[in-house]
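Working notes, structure below.
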Amino acid sequence: MKKKLVSVLLCVAMAASMAVGCGSKSDSKSKESDSDGKTTLTFWCHENEPWVKSYKAMAEKFEKENPEYTVEVKDYPFKVYNDKIQTALTSKTSGPDIIAVWGGTAPSFIESDALSEVPESLSKELSEDYLAPTTGIYTKEGKYYGVPMEFNLEYGGMIVNKKLFDEAGISYPTTWDELRSVSKQVAKMNGDVSEMKGFEMIDSDALICNYLAMILQQGGQYIQDDNSVKFDTPEGVKAMNEILSMVKDGECDLENLTSGEYCFNDVYQDKGYMSSVGSWAIGEGTDSYSLTYGKDFEYVPVPQYGSQMAFASETGWGLMVPKNSANQEGAWKFVEFFSQPENLVEHNIACNQLPPRKSLLDSQEYKDAMPNIAFLLDILPNGQWMGPYNTSDMRDIFNDMFIELCQSDNPDVETALADASKEISEKCQLSYSIK
């Protein structure tokens, strides 16, 4: 997740018991009003410095236009955040008024029937102006229970090590054949150990997202009419064999997938040339590694695999209002304010996110502020929702299958894909109807 700078995991019982008391701020309940007569809205989010800064800036902007409200932003470590939300939703007393939620964990909150339905006026905007992948997971029986803040995209762009390309005198690949050719050319193996990696897409996020795109770009489809998954199609088998050949040819390995790390770290550490990842990873290069964009690395399109641009995306971060909020009316007023195009684009720019609204795809303000990733805006309309599944569990099953295929001396790709499809269909479909 870029979003999710850590993988989405439910805490063990000990962490859950600690969740009620853990946090970076006080856990006092939302108050009806302060001593000055203002209503206080409590906004919960997870720790992420640029995001929290943007949330607080939005809160201040809202307060200026709505002086009858005060918005208190509280951030918590992600490892306990989801358990805190679940505890608050099931509490008989009022909890937070607004919660920022990752789409991968949203189903567990939605199925609890503890969320306030999105007001009709805002629901109409979601139906008319938001791209389908951004709203998918926030619907239940045709009604919305969350409002997207971003378009979550883990396909379409890649971090490239500019220094290594310049030293090798090689241009960035622009076609899939060029990508594989360059990848093989620059990769270096020392026995079974990879000393330099070419093109990488084998980590917990990039692997399944690239695989699904490769199916769709061939004109295939993995979602069946009954919402079951079917990977063992001609397109699915071909795409899987293509990815397996990257490992077999020594262009990359399983190190990041098995360790839970991201492939882009290899590129930033001069151990790899190219890594498929969401645009959020640009900030990791400039902030965590103190690298210079345009000198040390760049972000460029991933060459298209098939004849048509297509990809699948899971729903990203959004805002929800609990039923037990003491200030539902004010909470939705804040969410509606946050969602206004001029405010939303400010937040997307501040957090290196892609905008969820169709009307923002032509935003000159966004393009001027985000020239390094503006090319992604052109492909967003070609995306489909990943589907009505618990995508965290779906990813785990898929990744385990891939590791087994790579470690097998004589892998049966079609059977492995069929088995994974069956397991995902049985275990990962949402417990409630979207429509």
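The values are calculated or read from the model by the stated rules, or taken from the named source; none is laboratory data. None of the values given here were measured: they were computed from a predicted structure. With ideal geometry, Cβ positions are generated from the backbone for all residues, glycine too; neighbour counts draw on all protein chains shown. Only protein heavy atoms, including side chains, enter the accessible area calculation; ligands, DNA and RNA are left aside. Shrake-Rupley method; radii C 1.70, N 1.55, O 1.52, S 1.80 Å.
Below 20 Å, Cα to Cα, which lysines can LYS84 reach? Residues fewer than 8 away in the same chain don't count.
LYS3, LYS4, LYS25, LYS29, LYS31, LYS74, LYS92, LYS323
Please work out the FRET efficiency for the pair ASP113 and SER307, using the Cβ-Cβ distance as r and a Förster radius of 35 Å; give the result to the nearest 0.05.
For ASP113 and SER307, the calculated efficiency is 0.20.
Using 0.36 nm per residue of separation minus the Cα-Cα distance, give me the extension gain between GLU414 and VAL247 in nm, one decimal.
58.3 nm
Tell me, what is the per residue accessible area of the chain in Å², probe radius 1.4 Å?
Here the per-residue accessible area is 41 Å².
Return the calculated 222 nm mean residue ellipticity for the chain, to the nearest 500 deg cm²/dmol, obtained by summing -39500 (n - 2.57) across DSSP H runs with n ≥ 4 and dividing by the residue count.
-11500 deg cm²/dmol
Taking 8 Å as the Cα distance limit and 6 or more residues as the minimum spacing, I'd like the relative contact order of the chain as a percentage.
This gives 25 percent for the chain.
At 30 angstrom or more along the helix axis (alpha-carbon based) and mean Kyte-Doolittle of -1.0 or higher, what helices does the chain contain? Whole DSSP H runs only.
Span-like helices in the chain: none at all.
For the stretch 284-380, report the translational diffusion coefficient in µm²/s to the nearest whole number, using Stokes-Einstein at 37 °C, 0.692 mPa s, and a Kirkwood Rh over Cα pairs.
Reported coefficient: 203 µm²/s.
Strictly over 27 Å apart at the Cα level, which of LYS61/LYS124; LYS162/LYS367; LYS238/LYS358; LYS271/LYS422; LYS271/LYS427; LYS79/LYS238 would you flag in this model?
Checking Cα-Cα distances, LYS238/LYS358; LYS271/LYS422; LYS271/LYS427; LYS79/LYS238 exceed 27 Å.
Using a probe of 1.4 angstrom, how much of the accessible area of the chain is carbon and sulfur, in percent?
47 percent
Quick check: Cα centre of the stretch 388-411 to Cα centre of the stretch 178-245, how many Å?
Taking the Cα centre of the stretch 178-245 as reference, the centre of the stretch 388-411 is 12 Å away.
Once fully extended, how much extra length lies between ASP36 and ASN343, figured as 0.36 nm per residue of separation less the alpha-carbon to alpha-carbon distance?
Gain on stretching ASP36 to ASN343: 107.8 nm.
Simple spin-label model, 7 Å along Cα-to-Cβ: THR175 to GLU47 in nm?
4.9 nm
TYR144's amide H: which non-local residues (gap 5+, or another chain) put their own amide H closer than 5 Å, with H modeled 1.01 Å from N in plane and none for Pro or chain starts?
Excluding prolines and chain starts, which carry no amide H, the hits are VAL118.
What does the convex hull of the Cα atoms come to per residue for the chain, in Å³?
144 Å³
Amide H neighbours of VAL73 under 5 Å, counting only residues 5+ apart in sequence or on other chains, H built in-plane at 1.01 Å?
Those qualifying (amide H under 5 Å, at least 5 residues apart or on another chain) are PHE43.
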